[in-house]
Each structure stands twice: as C-alpha cells, then as structure tokens.
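J.: Take a look at this one; I'll ask things after.
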Amino acid sequence: MGEVSSLLVLGAGAWGSALAALVARGGTPTRLWGHRRQMLEQVASIACNQRYLPGLSLPPSLAYEYDLARALRGIDLVLIVVPSHAFASILDQIAPLLDAETAIAWGTKGFEPGTGRFLHELVATKLPGRRAAVISGPSFAEEVAAGLPTAVTVHSKDLAFAKELTGLLQAPNFRAYPGQDVLGAELGGAMKNVLAAATGVADGMGLGLNARAGLMTRGMHEMLRLGMALGARPETLIGLAGLGDLVLTCTGDLSRNRRLGLALGKGVAIEQALHDIGQVVESVHTARELMRLSALHTLDLPITAGVCSVLNGQSTPGEVLKTLMVRDQKQEYPVNFFKPD
C-alpha cells in the first residue's frame, strides 16, 4: 500500500469524530461511520456532533455514511474508534468487506471483555497479514476538536507504517510520534483508565493532593511491573502512551473514568454514576481484565485490585484505603528493577 489517500473512521463518538475532523482538515478524503443512522444524519446536517462534541464545528469536507459496505468502498485505511466491548464485533463485520490491501488502525483503549486479550491480538486473529497500528496518548477529544495543542504516539510493528500515520495526523496543533511497541502502547492506554478511577475516588473522598500524587506514582509502578512481565518496553510506558495519558486522565475532569471515581468517592452508587456520565466508562471492564492478567503472571497490583473491588461492589473506598495504608513496607523500586535477570 502506498501513501494513504482515503480514510474511514468507524465510530461517531467524541474521539472518532475528533480524529475524523483532524484528518479531513488536513486534506485527506475522510468518511465517518456510525451505527445510529438518525444521529449520523443529524451530525451531517449541522456539521456538529452535538451529543459528544457540543458547539464544536466539523469540517465541510468530512463525509458521513451509515451503511458499512458503502462506507468501506475505495478506502485504503480504516481507523476503528469504538468501545473495547464492540471492537471484536466490528472486526467481524468489516472482515468480508475489506479490500486486500486495506490497512487497519485503532484509537480504542481497553481489552476484549472476558478474555483479557489485547486489541492487536484480535486484529492479528481476525484480519491477519494487514498493516496495523494503534494511536494512543493524552488526548481528550474535546480539546483535539477545538484545535488545542496535543501530542500522541502511533505504534506499529511496521515502523514505516507508523511514520506514515503520524504524517497523516500531523497538524499545526497536533503532533504524533512513531514507535513499534504496540503492546506497551495498548497497556498504557488501557491501564491508565483504572488508575484514573482510583485518583478520582481519592479526590471524591477529599483525601488531598498528597494522596493523588502517591496513587499516580505507585499506579505507574504497577503499570511498569505488569508491562515488563508482558514484554512491553519501559520507555513506552514512561512516554505519552503511559505516563502522559496517566497524568491527563488522573487530573482532568473531562475523563469519564476520573468522574466515575469522583462519584464513587462521594458515596454515589456505581449504577447511578454510570447513568449520570451517560457514556462508556472503560475502567469498569478494564479493571477485571487487568486482574486476569496479574493472576496469570502472579503479580500483586494492589491499587488495581482495590479499584476492581470497589467497581465490583466487594469493598468500599474506605476499606480499600485502609488496606493500602497497612501493607508491608518495601523498597520503592527494587535494585535492578529495570534490568531484571
């Protein structure tokens, strides 16, 4: 496949709409697909995704298509931006419709619910042999759509493809960095959601800025431990896809995962909190899959486990706090942590 000449974004939520608008403004023919026809037609009629990006205009060059087969015609790059629980289903739907040379990228963050499989594993299984890449990093959709400065990273086993996509995304206020650690980028993008819920709970309980900083730092430690056990590169996790995204979602109230934690910390029931947010909150599913992975690799991830316990209704935030504060003392980072035998 040569230079990307046409893009289809699957998923007309906030992040999908923002990315589609970004690329369309750069001059690449771009289509946006959504499964709700009425909503997509309304977006097209007013050039604004009023539900997910209220008040932010979408470019007139952006095209809209609700029929999946028509949307895929003549497209050489598909960018999937749907919730993680719908990711496998979307792959199944597009598999028989894709041209042989069509490449795949995704901005979805999370795991396959119930299996703990990474999204790149699903792509490799359901769409084998295609060039594939993940886009991740600290990027609230609302700010990207508003043209505020943003930096992300694009990882692919094919570095040339990653560089091609960074060029496609490049804009005056949007910078993308290429890399080749797909697993690390996916882990950082998924795990930060759970840690954002943790800091949200702490802030909702009024525990102070010291507690927030401690949770973020020790959460970063858990991310590094799990990542290294899985084969991720530490530099990926201390970069935009890990630390960068962690800082954003733990401190910015545009984060749905942080807002969920804030509500739980104030005593709101999880069902009510999710209803009030009104969009998918990835940490609810991701926490369970991270516990599955930690058990598989016999790792103790106390903050992640505490969040999972609260989200599942097994513990209160106060009980988890007490458990974390009475854990046995140990070195912050063991000797040779970054160079294990």
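The values are calculated or read from the model by the stated rules, or taken from the named source; none is laboratory data. Just so it is clear, the model here is predicted, and its values are computed rather than measured. Neighbour counts run over all protein chains shown; Cβ positions are idealised from the backbone, glycine included. Keep in mind that these areas ignore ligands, DNA and RNA; they rest on the heavy atoms of the full protein, side chains included. Shrake-Rupley method; radii C 1.70, N 1.55, O 1.52, S 1.80 Å.
J.: What percent do you get for the relative contact order of the chain when only Cα pairs under 8 Å and 6+ apart count?
T.: 14 percent
J.: Most fluctuating residue of His297, His120, His155 in a GNM of the chain with Cα springs under 10 Å: which is it?
T.: Looking only at His297, His120, His155, the largest GNM fluctuation is found for His297.
J.: Tell me the net charge near Ser5. Cut-off is 13 Å between Cβ atoms, Ser5 excluded, with +1 for each Lys or Arg and -1 for each Asp or Glu.
T.: For residues surrounding Ser5, the net value is -4.
J.: Moving on. Based only on the alpha carbon positions, what is the Kirkwood hydrodynamic radius of segment 1-43, in angstrom?
T.: 10.9 Å
J.: So for segment 15-153, averaging the separation of alpha carbon pairs under 8 Å that are six or more residues apart and normalising by length, what relative contact order in percent results?
T.: Over segment 15-153, the number comes to 24 percent.
J.: How large is log10 I(q)/I(0) at q = 0.14, 0.18 Å⁻¹ when the Debye formula is applied to the Cα atoms of segment 113-231, each weighted equally and without solvent?
T.: -0.74, -1.08
J.: Summing Lys, Arg as +1 and Asp, Glu as -1, what charge do residues with Cβ under 14 Å from the Cβ of Ile238 carry, Ile238 excluded?
T.: Combined, the nearby Lys, Arg, Asp and Glu give -1.
J.: Is the shape of the chain rounded, prolate or oblate, going by the alpha carbon gyration tensor and its root eigenvalues a ≥ b ≥ c, with a/c under 1.5 for rounded and a/b larger than b/c for prolate?
T.: prolate
J.: Any idea what the dipole of segment 1-151 comes to, in debye rounded to 20, about its Cα centre with Lys/Arg Cβ at +1 and Asp/Glu Cβ at -1?
T.: Here segment 1-151 has a charge dipole of around 140 debye.
J.: Show that you can apply the helix-only estimate: for the chain, add -39,500 (n - 2.57) for every DSSP H stretch of four or more residues, divide by all residues, and state [θ] at 222 nm to the nearest 500.
T.: Result for the chain, helices only: -15000 deg cm²/dmol.
J.: Between His221 and Gln279, what is the spin-label point distance in nm, taking each point 7 Å from the Cα along the Cα→C-beta axis?
T.: For His221 paired with Gln279, the spin-label model returns 3.3 nm.
J.: Between Asp99 and Ile46, what is the spin-label point distance in nm, taking each point 7 Å from the Cα along the Cα→C-beta axis?
T.: 3.5 nm
J.: Can you tell me the orientation of helix 283-296 relative to the chain, as the angle in degrees between its alpha-carbon axis and the longest Cα principal axis, to the nearest 10?
T.: The angle comes out near 60 degrees.
J.: Another question about this same structure. I need the semi-axes of the equivalent ellipsoid of segment 189-329: take the C-alpha gyration tensor, multiply each eigenvalue by 5, square-root it, list largest first in whole angstrom.
T.: In descending order, the three semi-axes are 22, 17, 15 Å.
J.: Please work out the average accessible area per residue across the chain, using the 1.4 Å probe convention, and give it in Å².
T.: Heavy-atom accessible area per residue stands at 44 Å².
J.: How would Asp328, Asp276, Asp67, Asp245 rank on accessible area, largest to smallest, probe 1.4 Å?
T.: The ordering from most to least exposed comes out as Asp328, Asp276, Asp67, Asp245.
J.: In terms of the Cα gyration tensor, with a ≥ b ≥ c the square roots of its eigenvalues, is segment 289-333 rounded because a/c is under 1.5, prolate because a/b exceeds b/c, or oblate?
T.: Because a/c hits 1.5 or more and a/b fails to exceed b/c, segment 289-333 counts as oblate.
J.: Note the angle between two axes, namely the Cα long axis of helix 182-204 and the longest principal axis of the Cα atoms of the chain, as a number of degrees from 0 to 90, rounded to the nearest 10.
T.: It works out to around 50 degrees.
J.: Shifting gears a bit: Let me have the relative contact order for segment 207-341, percent, based on Cα pairs under 8 Å that are six or more residues apart.
T.: Relative contact order here is 19 percent.
J.: Also: Using Cα centres only, tell me the gap between segment 47-90 and segment 280-329 in whole Å.
T.: Cα centres, segment 47-90 to segment 280-329: 34 Å.
J.: Identify the trypsin sites (Lys or Arg not before Pro) of segment 1-96 meeting these criteria: DSSP loop state and at most 13 other C-beta atoms within 10 Å of the C-beta.
T.: Arg36, Arg73
J.: Please give the Cα centre distance for segment 247-267 versus segment 153-231, rounded to the nearest Å.
T.: 16 Å
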